[in-house]
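**Student:** A single structure is presented below for examination.
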Amino acid sequence: MQKNTMAIVLIILGLIILAVPLLGVIPLSVLTGLGAVFLGIGFILTGFTDREINSGLGLLEIVLGIIALVLGLGFILNSGLFSFVAGLLITMAGLFLIIVGIVAVFTKTGGSRWNGVVAIVIGLIYLLFGHIIKDPFWLGELIGLWLLLTGIMMFFQKD
């Protein structure tokens, strides 16, 4: 019974987020931003501590902490930045997959050229989704669709 209740909650949340997509992006952006802020603060504090032992490592941790802190605050204050960074990372992964696929096709890595073709196709799909996710509206739609499908699968799953 508890599983069905959770499934219904997920279905309702999915439908709400499909109707108002930014309701799915903003909480995800804020939570990710909070995590990045805490990570940044931790890096900065650790960097000052490690600076006495190894100045290069301490400086690197401080710089990474500042970057994480700025990105985290950006995610909290602007969900569009979160969508842009998510889309950018997925697009970069797609480009890497396409490059690896092309290399695999020409070098016959893995004993078959089909491995490279599959990597190229998956890379193209990543490029498509990376382009779509850059817009917060479509990222919210994908989050709502994911919640809806997860709820439906959970509802019809046998115990």
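**Student:** Can you name every residue in segment 3-61 that is of a type in the set (F, W, Y) and modelled with pLDDT of 95 or more?
**Tutor:** F38, F43
**Student:** Restricting attention to segment 107-125, does a residue exist that is in contact with a Phe, Trp or Tyr (Cβ under 7 Å, 6 or more places away or on another chain) and of a type in the set (G, A, S)?
**Tutor:** no
**Student:** Just the residues that are outside any helix (DSSP H, G or I) and either basic (K, R) or in contact with a Pro (Cβ under 8 Å, 6 or more places away or on another chain) (or both), please, taken from segment 1-46.
**Tutor:** Once the filter is applied, which keeps residues that are outside any helix (DSSP H, G or I) and either basic (K, R) or in contact with a Pro (Cβ under 8 Å, 6 or more places away or on another chain) (or both), segment 1-46 yields only P21.
Table: residues versus (1) free of Cβ contacts under 8 Å to residues at least 40 places away in the same chain; (2) not charged (D, E, K, R).
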| site | (1), (2) |
| --- | --- |
| L28 | no, yes |
| I41 | yes, yes |
| R51 | yes, no |
| G65 | yes, yes |
| L71 | yes, yes |
| A93 | yes, yes |
| F96 | yes, yes |
| V118 | yes, yes |
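**Student:** Test F84 against the criterion of being at pLDDT 90 or above and in contact with a Pro (Cβ under 9 Å, 6 or more places away or on another chain), and give yes or no.
**Tutor:** yes
The values are calculated or read from the model by the stated rules, or taken from the named source; none is laboratory data. Source: prediction; values computed, not measured. Positions of Cβ are backbone-derived with ideal geometry, glycine not excepted, and every protein chain shown enters the neighbour counts.
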